Amino acid sequence: MESAINSLFGRPVPKLGFGCMRLPENQNGDYIMDECQAMFDYAMAHGINYFDSAWHYIDSQLVIGQCLAKYPRESYILVGKLCFYDGTLESIDAAHAAFEKELHDARTDTMDLELIHALGNPGSLERVDKLNVWDFMKQLKASGRAKHIGISFHSYPENLEKVLAAHPEIEVVQIQANYYDHHTNGAAAIGGSYQTYEICRKYNKSVIIMEPIKGGTLATVAQHPEVKQIFDAADATQSPAAWALRYAASLEGVVTVLSGMSTLEQMQENVKILGEDFKPLSEAEQKMLQKAAQIVESKKPVGCTGCHYCTDKGCPADIRIPEVLSCLNMLNQFHNPRMTRMKYYPAIKKSSPRDCLHCGSCERSCPQKLPIMRLIQEADEKLYIGENIDLWANH
Ligand code: SF4
Ligand code: SF4
């Protein structure tokens, strides 16, 4: 397959990387090993030899170890991640133990790349500095237990700038990137803005892309007839997901684009797009995607600017109003209730629109004069489907 030679690894790296966070599972949450093995075998047979894993992806490294046991270690690139954002790893000793578990489970004695997981999640920057995880990472590299080190990043561009300026030891940055957020600056708050990508380039870092289809939402944008029309005019044989994957893989300096594949069919489809037939986007196609992003942006029904005036003044029910409204916009833009619920449920974990006291304080503070009370109820009616649901299931 067509490969980019990446100087970091000193060997070909496929444009498609296998994100191993959503491996096939049955209804009890147990991995379906024959399906997993079929996916790993298909990947290796098609040059997809970049495997992104994490200590946090429950037992996935055991699956990787088992499925790749028959392949020589030097035939694939294995990436691990340690997460410090949720307080599970509270000391460097705990980090050492977690790293050793990663190696043990994956049946290897070295990681090709080890990342600090989701740097920028609330509290994680402070915790990483306080524990001096930076020295720990440098030691992993010096000892050869990790050949390269880096971060996966989920925060504001200015935080990335600060981290990269302070830590030149970072070799790789894994970021979210997709054509919609790049052209609308829609994900500035979670590390997916074009500015984030540009900062990686400015510091000359190797870039790995995650969430190229924006959590699956860009796979459904052709439900807007205007978007379908320009997609079809450009090339009717390309799926909406293909446009998104090709955009991410066409960005300069990108080592690989991760896709969290759960079925062999998804993998076969992705290999068709980013495998040997991969073509970087032409200038005309880039412009077409910019236009598609603007059309999708125009479908936002709620003109919330995310200024937070409504919550700064204090919502007595502690409802995360801008996040709830952003989910209502997302539902209308992408017609993807399942993916929208994956954002909505965390947003209402503490307090939901059903807790609204109808005090009207938020509406009095809103510079856009939005009917917030009605809109948050609308969001809840469309997105709330009960407690304890499986957010990954089809619904
Ligand atoms: S009306 Fe509801 S959402 Fe608005 S501030 Fe009062 S409690 Fe919060
Ligand atoms: S004050 Fe209005 S525009 Fe600002 S975040 Fe709240 S709802 Fe959105």
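Which members of the stretch 337-351 meet the condition of being away from ligand 2 (no atom under 16 Å from the Cβ) and over 17 Å from the mean Cα position of the chain (by Cα)?
Within the stretch 337-351, Pro337, Tyr345, Lys349, Lys350 qualify.
Testing Phe278 on (1) outside any helix (DSSP H, G or I); (2) buried (at least 17 other Cβ atoms within 10 Å of the Cβ); (3) within 16 Å of ligand 1 (Cβ to nearest atom), one condition comes back false. Which one is that?
Status for Phe278: all satisfied but (3).
For Leu383, indicate whether it is closer than 30 Å to Gln27 by Cα and either touching a residue at least 40 places away in the same chain (Cβ under 8 Å) or among the hydroxyl-bearing types (Ser, Thr, Tyr) (or both).
Yes: the conditions hold for Leu383.
Hey, among Glu102, Glu114, which residue is surrounded by 17 or more Cβ atoms within 10 Å (Cβ to Cβ), closer than 20 Å to Cys20 by Cα and free of Cβ contacts under 8 Å to residues at least 40 places away in the same chain? If you could, list the steps in order and put the result at the bottom.
Numbers: Glu102 fails: free of Cβ contacts under 8 Å to residues at least 40 places away in the same chain.
Sole residue among the options that is surrounded by 17 or more Cβ atoms within 10 Å (Cβ to Cβ), closer than 20 Å to Cys20 by Cα and free of Cβ contacts under 8 Å to residues at least 40 places away in the same chain: Glu114.
If I go through the stretch 93-136 residue by residue, how many of them are of a type outside the set (D, E, K, R) and part of a helix (DSSP H, G or I)?
The qualifying residues number 15.
Kindly indicate whether any position in the stretch 222-233 is assigned to a loop (DSSP other than H, G, I, E, B), farther than 19 Å from Ile48 by Cβ and at pLDDT 95 or above. Steps first, answer last, please.
Taking the stretch 222-233 first, the residues assigned to a loop (DSSP other than H, G, I, E, B) are 224.
Still in the list and also farther than 19 Å from Ile48 by Cβ: 224.
In the following step, the residues that additionally are at pLDDT 95 or above were identified as none.
Checked the stretch 222-233: no residue is assigned to a loop (DSSP other than H, G, I, E, B), farther than 19 Å from Ile48 by Cβ and at pLDDT 95 or above.
Which residues, taken from the stretch 16-40, are in contact (Cβ under 8 Å) with a residue 12 or more places away in the chain and farther than 24 Å from Leu82 by Cα?
Result: Met33, Glu35, Gln37, Ala38, Met39.
Name the one entry in Gly314, Gly303 that is touching a residue at least 24 places away in the same chain (Cβ under 8 Å), on the phi > 0 side of the Ramachandran plot and part of a loop (DSSP other than H, G, I, E, B).
Exactly one of Gly314, Gly303 is touching a residue at least 24 places away in the same chain (Cβ under 8 Å), on the phi > 0 side of the Ramachandran plot and part of a loop (DSSP other than H, G, I, E, B), namely Gly314.
Return only the number of the condition from (1) modelled with pLDDT of 95 or more; (2) under 21 Å from the mean Cα position of the chain (by Cα) that Glu285 does not satisfy.
(2)
The values are calculated or read from the model by the stated rules, or taken from the named source; none is laboratory data. All of these numbers come straight from a predicted model, not from anything done at the bench. Positions of Cβ are backbone-derived with ideal geometry, glycine not excepted, and every protein chain shown enters the neighbour counts.
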